[in-house]
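The values are calculated or read from the model by the stated rules, or taken from the named source; none is laboratory data. Every value quoted in this text rests on a predicted model; they were computed, and no experiment measured them. Positions of Cβ are generated from backbone atoms using ideal geometry, with glycine treated the same way; all protein chains shown enter the neighbour counts.
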Amino acid sequence: MLRSALSKLFNILPAQTVNAHCDGPCGVYDPASARVAAEAVLSMTKKLLAMEAPQANDHAAWTVYNNTFARFVAIKEDQAKETKKELLILWTDYFKPEHLASYPDLHDTFWKAAKLCSACKVGIDLAKAEELMQAVEKVHHMFWKSKGRADAWITAS
Amino acid sequence: MLTPGLQQVKKYRLKRAGIRSLFLLITGFRKHCRVEGNSMLPTLRSGDLVIYKPIKPGGTKPTPGSIGVIKDPINTSSLIVKRIHKTHSQGIELRGDNETMSSDSRQFGIVNINNLCGIVEGII
């Protein structure tokens, strides 16, 4: 009874907090963020490759063309960086050393995927953009399998 | 749950703090603190009040498997609570019981032994 009373008393009184850190307060990770960004990279790459240059002496058309081209490039580069950021979060924060037992190629997969992000940012290469999507799909399956789930790979476009 | 392929440490279970521990707390020979976060689940839940035996810097070497209250190596003004996974000559290796969620020595490396403030004895 005395123990119970003392326990209640200590629980009421303020106490210093001691952190039991987690990676995030919520622990919410999802490769969908990387997938959406990678899809944007692929989409912008396709749009850039599909652009047709106007006639050489059409100044107004060149202005529109250059503006559109620059905007597409900016979005492609931004989304490539976003894809890399999201992949690195999964690689360094979600996946732990024990996952290597199930996925021996985990580091290689993420390293190559991050390299593809850089390649897609620098160039306008449809093959690289498609490779990036395949790499993100591989990460998607590794991630959900590690959680004991088999979520389907669904793209927005 | 044991993870195949990884060396496991004996995880000492925590008991409810007895009347003796509470008496030592009142008299200042023990300290207490409240757990915040889920990295020590299922042993410690967020909100648990724990009692710990303070350790002077350079004092007793901790037993692997015990739970320590440690100065956060990233932000030394705050304390963290983790399982002492291994002891090394350079310091101690920390691990959260909730291994897939915990941020511990796998991220911030081996922690200086002088960061160890105490050993958890029980839950109040």
_the range B:72-95, residues that are within 18 Å of A:Thr17 (Cα to Cα), under 14 Å from the mean Cα position of the chain (by Cα) and modelled with pLDDT under 90_ = B:Asp72, B:Pro73, B:Ser78
*asked:* Residues to consider are A:Lys128, A:Lys96; find the one that is in contact with a helix residue (DSSP H, G or I) (Cβ under 9 Å, 6 or more places away or on another chain) and more than 30 Å from B:Asn98 (Cβ to Cβ).
replied: A:Lys128
*What is the number of the single condition among (1) closer than 27 Å to A:Tyr94 by Cα; (2) in contact with a helix residue (DSSP H, G or I) (Cβ under 8 Å, 6 or more places away or on another chain) that B:Leu79 does not meet?*
(2)
*If we keep just the residues of the range B:74-97 that are buried (at least 17 other Cβ atoms within 10 Å of the Cβ) and assigned to a loop (DSSP other than H, G, I, E, B), which is nearest to the other protein chains (Cβ to nearest Cβ)?*
B:Gly96
_Which residue is farthest from the chain's Cα centre (by Cα), if the candidates are limited to the range A:47-58 and must be in a helix (DSSP H, G or I) and more than 14 Å from A:Ala74 (Cα to Cα)?_
A:Ala50
*From (1) surrounded by 16 or more Cβ atoms within 10 Å (Cβ to Cβ); (2) of a type outside the set (Ser, Thr, Tyr); (3) within 30 Å of B:Met101 (Cβ to Cβ), pick out the condition that doesn't hold for B:Leu22.*
(3)
*Hey, can you tell me all the residues within the range B:98-124 that are more than 9 Å from chain A (Cβ to nearest Cβ), crowded, with 19+ Cβ neighbours inside 10 Å and closer than 30 Å to A:Tyr29 by Cα?*
B:Ser105, B:Val111
*State whether one or more residues within the range A:108-130 are surrounded by 17 or more Cβ atoms within 10 Å (Cβ to Cβ) and touching a His at 6+ places or on another chain (Cβ under 8 Å).*
no
*List every residue pair whose Cβ atoms lie under 6 Å apart, where the two residues are 6 or more positions apart in sequence or sit on different chains, the first residue falls within the range A:101-113 and is more than 14 Å from every other protein chain (Cβ to nearest Cβ), and the second residue, located anywhere, is in a helix (DSSP H, G or I) and of a type in the set (D, E, K, R).*
A:Thr109/A:Lys138
*Got at least one residue in the range B:56-70 being closer than 30 Å to A:Leu9 by Cβ, in contact with a strand residue (DSSP E or B) (Cβ under 8 Å, 6 or more places away or on another chain), within 13 Å of chain A (Cβ to nearest Cβ) and without any contact (Cβ under 8 Å) to a residue 24 or more places away in the chain?*
no
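When only residues in the range A:37-95 that are within 19 Å of A:Lys121 (Cα to Cα) and among the hydroxyl-bearing types (Ser, Thr, Tyr) count, which is surrounded by the most Cβ atoms within 10 Å (Cβ to Cβ)? Can you show your working first?
To start, the set of residues in the range A:37-95 that are within 19 Å of A:Lys121 (Cα to Cα) comprises A:37-51, A:66-89.
Pick out the ones that are also among the hydroxyl-bearing types (Ser, Thr, Tyr) and you get A:43, A:45, A:68, A:83.
Values: A:Ser43: 17, A:Thr45: 24, A:Thr68: 13, A:Thr83: 29.
Among residues in the range A:37-95 that are within 19 Å of A:Lys121 (Cα to Cα) and among the hydroxyl-bearing types (Ser, Thr, Tyr), the one surrounded by the most Cβ atoms within 10 Å (Cβ to Cβ) is A:Thr83.
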_I'd like to check something: does the range B:29-52 contain any residue that is closer than 19 Å to A:Ala20 by Cα, among the aromatic types (Phe, Trp, Tyr), under 14 Å from the mean Cα position of the chain (by Cα) and modelled with pLDDT under 80?_
no
_Exactly one condition in (1) in contact with an Asp or Glu (Cβ under 6 Å, 6 or more places away or on another chain); (2) more than 14 Å from chain B (Cβ to nearest Cβ) is false for A:Cys117; which is it?_
(1)
